[in-house]
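Quick notes on the structure that follows.
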Amino acid sequence: MALPWRVRALGWTVRTVVGPYAKMSDAKRQVLQAHDGPRWVGGLINGRPDPAATATDITVPGPAGAIPARLYRPPGRHDGQRAPVVVVIAGGGFVFGHPEIIAWLASRLSTRLRAVVVVPRYRLAPEHPAPAAGEDCYAVTSWAAANAEPLGGDGERLAVVGESSGANLAAVVTLMARERHGPAIRAQGLLQGGFDLRPTAPAMTSQVTWPFGRASDARDTVPAYVGAHGDAADLLISPLLAPDHSGLPAAFVLTSDHDYLREDGERYAQALRAAGVPVEHAHFDDSPHGIFSFPAWCAASGPALDRLTEFLSRELAPVTAQGAADASG
């Protein structure tokens, strides 16, 4: 089934920005980043944040200095429980991205889950190739877990969620947390991500021409992210290639028909299941890449949000004393 003309027009707009942005000179890109470009595109097509969530811009200590982030807090709780904590990682092909891209999703997760949500503004390629973005996201996740209590959160009820390149980074964060023995992440939401960035990988060589989210776009941006001295087969760049996926958090994997990364999501879900990780795979027909980045344009955004919220509600539920005893016994 063909996508609506509005979605096809949106795809043209996104491609017009992302490809040239990756090829700009460093000096020109730095000017645009300093002025939050190409944020104007997001202002035209991204959905509005949920006004019930309180948004605050903060900074978090990182491996190369302070990391800007946006903090969302839900309306006041009255049940005496601390809020779950969710780190939401925006996409942008690794070369641009900012919290506004994912504000629609992040703010609604805050209100629906009554959660503390943190959105990192991680370093971008090509000025900062891998693993800079992953290290920033890991640092913010660690900070969120360690500082949950003064924010009204429960650092033991922690999840990471990412869309597109942000899903890749969310998967990388879970691998880092496992190898570095913390923080303990209960759940991961991997939304239309690419998990094998090798030039020969199926997604990277795809010739399918969906309206947007094409392999040709990734072939422009991924080399900038990998860098001149990087290796796309590194598990911190291509988490699908990790030799062991056991011990990772329960996963919600979202894929859609009109997305060149569909196969990557399916392959990563299979790898996690094979390693004994609980996986919920939600697939939406007749939907493009970027369901949550372009909610006003994608009919699947509402149902997909419902599925993600249900998954996180279940995985981040408080552990009762009886439940803990049952689990240990």
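Taken together, the values in this text are just the output of simple stated rules run on the coordinates, not laboratory data. This one's a predicted model, so the numbers in the text were calculated from it and none came from an experiment. Note: ideal-geometry Cβ built from the backbone for every residue, glycine included; neighbour counts use all protein chains shown.
A few remarks follow.
- Those residues of segment 135-168 which are buried (at least 24 other Cβ atoms within 10 Å of the Cβ), within 24 Å of VAL226 (Cβ to Cβ) and not aliphatic (A, V, I, L, M), in sequence order: ASP136, CYS137, TYR138, THR141, GLY162, GLU163, SER164, SER165, GLY166, ASN168
- Where TYR72 falls short, out of the listed (1) of a type in the set (Ser, Thr, Tyr); (2) surrounded by 18 or more Cβ atoms within 10 Å (Cβ to Cβ); (3) over 14 Å from LEU109 (Cα atoms): (3)
- Identity of the residue in segment 227-255, among the hydroxyl-bearing types (Ser, Thr, Tyr) and within 16 Å of the chain's Cα centre (by Cα), that ends up nearest to LEU191 (Cα to Cα): THR255
- Single condition ALA177 does not satisfy, out of (1) within 19 Å of ALA139 (Cα to Cα); (2) of a type in the set (Gly, Ala, Ser); (3) out of contact with any strand residue (DSSP E or B) (no Cβ under 7 Å at 6 or more places or on another chain); (4) outside any helix (DSSP H, G or I): (4)
- Which numbered condition ARG273 misses (of (1) within 22 Å of LEU175 (Cβ to Cβ); (2) out of contact with any strand residue (DSSP E or B) (no Cβ under 9 Å at 6 or more places or on another chain)): (2)
- The number of residues in segment 118-148 being touching a strand residue (DSSP E or B) at 6+ places or on another chain (Cβ under 7 Å) and of a type in the set (Asp, Glu) comes to 2.
- Among the residues of segment 64-117, the one identified as assigned to a strand (DSSP E or B) and of a type in the set (Phe, Trp, Tyr) is TYR72.
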